[in-house]
Each structure stands twice: as structure tokens, then as C-alpha cells.
């Protein structure tokens, strides 16, 4: 137990430092962009005097270090700041967009785990034969297709040509669960690449585990093939896959931005795109903190699961 506590403490400290670094980087990059929220609010034909007045009313004329210090002080007290564009709390933007994004991510993960593990086990059981070659070829080819290209292709075929599914979420509101047809194409796009990675990892892990000495010993004791595969080999095979699953969730945070933009889904990705377009720095910073915290929690949980599945394995600190 002490080892798990030390691992948890190290991961949380490292994650806090990484989140702070992400916030600083986001602040610096946003500051480096041409224009700011005042220019965005001034319209297509900005008047320098009006821009200066807007900038002063927003506090954008203050030094960047001072603004960052004020935002960090508010964050320490549990506040994410206030939007420059609307004056609303940043937390309301996040709460409004969190539902659709969470729904997309949850559906993707719910399908990813059984599909990825099942395909990996299937390929490992038939290693070197046609089933293995088929799974390996399909996953390798599918992984090479970018999310945007995959989304455009699926929309063209199933939404525009065949008319089976809606091409976007426009007109369906934020309650996407009430309209499951809207979610089919976005979930397929989000699922395409990570299922390939997970399947290939499980396949490699299963082949190594089935060739290990303890599995050979289990066979000598007369243990059945199904019990060897699923009770002995599979836990060792999914240990690296558990950590990859956490990295996949990290990838989902970026992949969902592309998918939400493509299918016009009102989630956190759309909130982030709009905030960047409006140079709404507090919203961008708030989302960076949320994404950073989620990354820390997910990776820490994956390390603990990996340690639980293989207690003697060394988990990198």
C-alpha cells in the first residue's frame, strides 16, 4: 500500500506542475496572437479609440504578468475567471459544453474497450494466420486515416449520398442523447484510430503472455485453454493497454475538438474554438486547466490499474 501511496503522490505532484506549465504556455501563446478580445469585439472596421476604450474596460491594458497573477489568484480560490466576450463565468461555458463532450467520450470508450480487446485477443489466438493478417491490415490502414478525412468520408457516404444519418447536430440542441442518430458518425470517427492502437497492443501482449514460462507451466498442470487465455494471459496483456487507454483519453480531448467542429456539436471543443476566435483568454485558460486536470487524473488512474493488474511490474514514475 505504501508503494501505491508514493506513486499516487508523485503522479499528483507531477500532474500539478504539468497543469501549471500548460496554463503558462496557453497564456503566452494567446498573448502572442495578433489582436485580442477588444479587437474581436470591435467588429470588421475597428476604430482605434473604441478598441482602446474596450481594452481599458476589460483590463487588457494592464501588464500581462499582472493579469496572469490575478487569474492565478482567482484559480487558487476555486474560480476560473470571467469571459471577456460575454461577462459570464467561465465555469458556465464549461458546464454547458461538458455534457455533449462527456457523452461522446463515454460512448467512444464504452465501444473502444470491448472492440480493442476482442480484436487483439482474436488476432493473438490466430497469430500468423488469415484472421491475424486481416485484423493487422485493417487496423494499420485505418490508423493512417486522419480524423478529419475519416469524418468527411463517412459524412459523404452515410449522410449525403445515402441519407441514413444526419450530417451535423444543427437543429438538435444540446441534448444529444435524445437524438442517438446524431452521435453515430462522430463516435465512429473518434473510435477509428484508438481501436487500432489498442487492438495491436493487446495482440502483442497476448502473444508474449501465451509464450511466457508461467503459461507453459499452467498448461503442464492441465489448465484449460480458455482459462489460460482469459485468467492468466489476458491480465498481463492488458497492463500496457490500460496505460495506453489513458493516453487515448488524452487524445480524445484533442480529437473531439476536430469532431465537434466537423459535426457542429456544442461541446467543449466548440467552446474552445469560439474562445480562440474571440481571443477570450479566460475561457481558453479555464479549458486548459480542465483538460490538464482530466489528463492527470486519467493517467494516475491508469498507473494504479496497471500496478493492480501486475503488482510486480515496474510502473514508470
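Evaluate the following for residue 20: is it farther than 30 Å from residue 294 by Cα and either at pLDDT 70 or above or within 29 Å of the chain's Cα centre (by Cα) (or both)? It is false that residue 20 is farther than 30 Å from residue 294 by Cα and either at pLDDT 70 or above or within 29 Å of the chain's Cα centre (by Cα) (or both). Total residues in the stretch 133-146 satisfying the condition of being under 24 Å from residue 181 (Cβ atoms) and assigned to a helix (DSSP H, G or I): the figure is 1.
Scanning the stretch 114-141 for residues that are surrounded by fewer than 15 Cβ atoms within 10 Å (Cβ to Cβ) and closer than 27 Å to residue 262 by Cα returns 114, 138, 140, 141. Of all the criteria given as (1) surrounded by 13 or more Cβ atoms within 10 Å (Cβ to Cβ); (2) part of a helix (DSSP H, G or I), the one not satisfied by residue 160 is (1). Of the numbered criteria (1) surrounded by fewer than 17 Cβ atoms within 10 Å (Cβ to Cβ); (2) touching a helix residue (DSSP H, G or I) at 6+ places or on another chain (Cβ under 9 Å); (3) in a loop (DSSP other than H, G, I, E, B), the one residue 171 fails is (2).
Within the option set 165, 191, being at negative phi and surrounded by 19 or more Cβ atoms within 10 Å (Cβ to Cβ) holds for one residue only, 191.
Results for (1) touching a helix residue (DSSP H, G or I) at 6+ places or on another chain (Cβ under 7 Å); (2) modelled with pLDDT under 75; (3) surrounded by 13 or more Cβ atoms within 10 Å (Cβ to Cβ), shown as yes or no for each residue.
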position: 15; (1), (2), (3): yes, yes, yes
position: 34; (1), (2), (3): no, yes, no
position: 43; (1), (2), (3): no, yes, no
position: 90; (1), (2), (3): yes, no, yes
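Against the condition at pLDDT below 75, surrounded by fewer than 12 Cβ atoms within 10 Å (Cβ to Cβ), touching a helix residue (DSSP H, G or I) at 6+ places or on another chain (Cβ under 9 Å) and in a helix (DSSP H, G or I), how does residue 227 come out, does it pass? Against the criterion (at pLDDT below 75, surrounded by fewer than 12 Cβ atoms within 10 Å (Cβ to Cβ), touching a helix residue (DSSP H, G or I) at 6+ places or on another chain (Cβ under 9 Å) and in a helix (DSSP H, G or I)), residue 227 qualifies. The residues on offer are 199, 177, 149, 110, and the sole one that is under 18 Å from residue 255 (Cα atoms), under 24 Å from the mean Cα position of the chain (by Cα), at pLDDT below 85 and assigned to a helix (DSSP H, G or I) is 149.
The values are calculated or read from the model by the stated rules, or taken from the named source; none is laboratory data. The shown structure was predicted, so the numbers you read here are calculated from the model rather than taken from an experiment. Note that each Cβ is placed from the backbone with ideal geometry, even for glycine, and that neighbours are counted across all protein chains shown.
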